[in-house]
1. Any residue in the stretch A:26-47 that is free of Cβ contacts under 8 Å to residues at least 12 places away in the same chain sitting within a Cβ distance under 6 Å of a residue that is within 11 Å of ligand 2 (Cβ to nearest atom) and outside any loop (DSSP other than H, G, I, E, B)? List the pairs, counting only those 6 or more apart or interchain.
2. Looking only at helices (runs of 4 or more DSSP H) that lie completely in the stretch A:182-245, which have at least 3 residues being within 16 Å of ligand 1 (Cβ to nearest atom) and buried (at least 19 other Cβ atoms within 10 Å of the Cβ)?
3. Against the definition (within 11 Å of another protein chain (Cβ to nearest Cβ) and either in contact with a Phe, Trp or Tyr (Cβ under 8 Å, 6 or more places away or on another chain) or open to solvent by less than 20 Å² (accessible area, probe 1.4 Å) (or both)), how does A:I34 come out, yes or no?
4. Can you confirm whether A:P133 is within 16 Å of ligand 1 (Cβ to nearest atom), within 24 Å of A:L46 (Cβ to Cβ) and touching a helix residue (DSSP H, G or I) at 6+ places or on another chain (Cβ under 7 Å)?
5. Got a number for residues in the stretch B:15-46 being open to solvent by less than 40 Å² (accessible area, probe 1.4 Å) and in contact with a helix residue (DSSP H, G or I) (Cβ under 6 Å, 6 or more places away or on another chain)?
6. Looking at the stretch A:82-96, which of its residues are open to solvent by 20 Å² or more (accessible area, probe 1.4 Å) and more than 14 Å from A:H134 (Cα to Cα)?
7. Of the residues B:L4, B:L65, B:L71, B:L59, which single one is outside the structural domain of B:L397 (by TED's automatic domain parsing), surrounded by 12 or more Cβ atoms within 10 Å (Cβ to Cβ) and not in a helix (DSSP H, G or I)?
Amino acid sequence: MTRLVLSGLSKRYGATAALDAVSLAVERGSRVAIVGPSGSGKTTLLRVVAGFEAPDAGTVVLDGQVLADGPAIAPAHRRRIGFVAQDGALFPHLDVAGNLGFGLERDEPDRARRLRELIDLVELDPAMLSRKPHELSGGQQQRVALARALARKPALMLLDEPFSALDTGLRESVRESVTRVLAKAGVTTIMVTHDQGEALSFADQLAVMRGGRLVQAGRPYEVYWRPVDIETALLLGNAVVLDATIEAVGVSCVLGRLAAETGGRSGRARIMLRPEQFRLSLAGPGPQAVIEDIDFRGGQCAVTLLMVRDGAETRFTAHVPSMDLPELGSAVFVSVNGAALLLGRTG
Amino acid sequence: MPALPLRRQRNLAGRTMLLLAGGAALCALLPLGFIGWIAIETGWQTALALIWRPRVGELLANTLLLEICTLPPAILLALALAWLTERSDMPGASFLSWLTVAPLAVPAFVQSYAWVSLFPRFHGLPAAALVSVLAYLPFLYLPVAAQMRRLDPELEHAAASLGQSPARIVLRVVLPQLRLAVCGGGLLVGLHLLAEYGLYAMIRFDTFTTAIIDQFQSSYNGPAANMLAGVLVLSCAGLIGLEWLLRGHARYARIGSGAPRPAPRRKLGRWRLPALALPLALASLGLGVPALTLSRWLMAGGDASWQQGALAAAMATTLGYAAAGALAAVAAALPMAWLSVRAPSRATRFLESCHSYPGALPGVVVALALVTVTVRIALPLYQTVATVVLAYVLMLLPRALVGLRAGIAQVPIELERAAASLGRNPARTLLAVTLPLAAPGIAAAMALVAMGVATELTATLLLAPNGTRTLATEFWALTSELDYAKAAPYAVLMILLSLPMTALLHAQARKTLNA
Ligand SMILES: Nc1ncnc2c1ncn2[C@@H]1O[C@H](COP(=O)(O)OP(=O)(O)OP(=O)(O)O)[C@@H](O)[C@H]1O
Ligand SMILES: [Mg+2]
């Protein structure tokens, strides 16, 4: 059963179209990550779903309940949608217990037990209940904000770059703990993030936004390997783009013949490969290239290769395991794992 | 779950606020309209005849001399004191910082009363400049000290590592960063010098403001007073323009993340104790002299001076006016403060400058404007409580606005949204989140306005209904009759009323640093 359905959402601020006909369906209990460059409308989308902002057009339907139909909207406080902002937005005048209990009914039985449960849920020390927000670290604040939103057992949870204020080390552990909590609670979640790794590992469904439009949505694997265009590809990782000629089966390019779904197209086209598709060997198969530069990154290396064919130089980067790496300046054979992706004529 | 009702958001709050702020801005434009109107009404010929007089030249010279003799020494003293209290290891630095700010609690005309009654022949420019420096130094010291504390020591370290000598570091790194604070504080002091009446009248030094009030009191609302007011407003505008030029357009912001480390304090070595001489000397002049005079007169007057029935009545009247002024000013500034925090745009910035500019207008101009308007258009309002309170509102609107803005900024919209997403409706959000967080700022704004009203003299003299006696006007009447002993208790009460404001301003200046 589908839980949240957004259709044709549009929202303008003056001349900027912050949202442009965005449609998305989110399954019950699933986790959606929204990625996109800065200013692409991610926050606006969450604000519209949460009810802080009215769309100019389009509908928001949660479990059959219409929450927004154009500018007519249901009030935010009656939607049962949790929201965690970038900095947590904890109430500075209330302690942790006050923050956690803010959304509970006044006459909630077993309030103390509920608070204990919540603080346990986000793996914090119950002694923190009497602390003020400014006495917590950034990661602790974020977890309190999450617990506060979960206290009301929301039907949908919205997270707007919840980890971006944390530094890298902390970020990973908080993210893991938050993912665990959300899975345990089984809440449908939409998270906005700038971090591709975060998006790919967190999501059941990945949505890519650009210029207010939702350009692609699908399983992370699908979006990573079959992006609709080169911008989407680059948002999620590095890519190598080459000119190629479409053959009866597959394509041919400087790297030789590669498998590809041509979809009945013919003539010339541009293809995209991920840097980790390349294999380097001293013995072949594949055409030869010279190692121009090696950027050591621990387990993996980014190797810049130079290939000269018919007098034309082609430079590209491969990500390969750093063990048994050939020397800088040596010639290696380059082969390609898997298929190349044909980019659209405009891409 | 029952179906939720769908409603269009009509942003009623925003529109109402815009309407109210527009109304307040219109009221605030009244004095400006008055100036424009008298300029047009008087006509070139008459205006020129009234302005092109030796008397006006004399006043202009006096005003210029006063600014020149007061501002540079005040700036140098503020820099020295700020450096000593914020960046050196002078003993008791934080106490001395309080001591430097404390003269704010002594109204300027009380300060000059203290000097005149101690040295009856203390008159003219030197006296005016000395008392002005003592009375207004805190206005420069506060922002300069605040900025001094905020300076990022890393910049100085960076300059040192680039081979700059300590003297050149002060010149090329430290002073430029203090420029905004010096210019802002200097402008404030300069405007006070133009606007102050009591201080200079008491010390018999003629400025535009004293001349306007003399003129007004001798011949009522003649065009002569209005023309002088016009020249006074032009002087204010000139000062603002000068500050704008000197301030430059650079913004000094810290680049990079994280809170700056507190700057290390410079070791004074054997100068540690001698350095105390400067703050202590200023404190003994700015606080010691009023304390000495007041205690002398209080002793001379004995118990009798406290038992005047008029004293209690004046106190009650003052408190009443202060409360009314504070409530009215805060109510008038609230919509604007809300808009400028929550919905900043070009339109709201324009409205905001309409709210802020009266802060640069001398009280006497605001008062003259209201006199003229009430006499010509709404005579029943002439010399009524309503008009006085309106004058207070206009004069203190900027002060209320600044305080309210700070209060409302304590409640970022994200917090209200968080409350909504946690199921609180707008009314309960207001009660549970917005009010508790904004209340301290609102209360502080009210207190600042109330205390401004409590020591206001000029507009009260010109506008209050006949027979109204506030602490300030009663003090003024008594000192005019040279009854210094009877006046002393009034001065003491005004100082006591101003103390909380002084503490508040000092605390605010410190707090902005931690923010
Ligand atoms: N309240 C507003 N008033 C005017 N324009 C706005 C407002 N909120 C957003 N915008 C504009 O709408 C566009 C989308 O903004 P939004 O905040 O949704 O982007 P975002 O994808 O969240 O960006 P980021 O990754 O930087 O957070 C931007 O061009 C932004 O300038
Ligand atoms: Mg955003």
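The values are calculated or read from the model by the stated rules, or taken from the named source; none is laboratory data. A quick note: this is a predicted structure, and the numbers were derived from the prediction, not measured. All Cβ positions, glycine included, derive from the backbone under ideal geometry; neighbour counts span all protein chains shown. For the accessible areas, the whole protein counts, side chains as well, though only heavy atoms, and no ligand, DNA or RNA atoms are used. Shrake-Rupley method; radii C 1.70, N 1.55, O 1.52, S 1.80 Å.
1. none
2. On the way: elements: A:196-202, A:220-225, A:230-236.
Result: A:230-236.
3. Values: within 11 Å of another protein chain (Cβ to nearest Cβ): no; either in contact with a Phe, Trp or Tyr (Cβ under 8 Å, 6 or more places away or on another chain) or open to solvent by less than 20 Å² (accessible area, probe 1.4 Å) (or both): yes.
Taking the combined requirement at face value, the residue does not satisfy it.
4. Details: within 16 Å of ligand 1 (Cβ to nearest atom): no; within 24 Å of A:L46 (Cβ to Cβ): yes; touching a helix residue (DSSP H, G or I) at 6+ places or on another chain (Cβ under 7 Å): yes.
No, not satisfied.
5. The total comes to 9.
6. Listed by number, the residues that qualify are A:F83, A:Q86.
7. Working: B:L65 fails: not in a helix (DSSP H, G or I); B:L71 fails: not in a helix (DSSP H, G or I); B:L59 fails: not in a helix (DSSP H, G or I).
The unique qualifying residue is B:L4.
This table checks each residue for (1) more than 20 Å from the chain's Cα centre (by Cα); (2) among the aliphatic types (A, V, I, L, M); (3) at pLDDT 90 or above; (4) within 30 Å of B:W297 (Cα to Cα).
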{"position": "B:A61", "(1), (2), (3), (4)": "yes, yes, yes, no"}
{"position": "B:L65", "(1), (2), (3), (4)": "yes, yes, yes, no"}
{"position": "B:P72", "(1), (2), (3), (4)": "no, no, yes, no"}
{"position": "B:L84", "(1), (2), (3), (4)": "yes, yes, yes, no"}
{"position": "B:F95", "(1), (2), (3), (4)": "yes, no, yes, yes"}
{"position": "B:W98", "(1), (2), (3), (4)": "no, no, yes, yes"}
{"position": "B:H123", "(1), (2), (3), (4)": "yes, no, no, yes"}
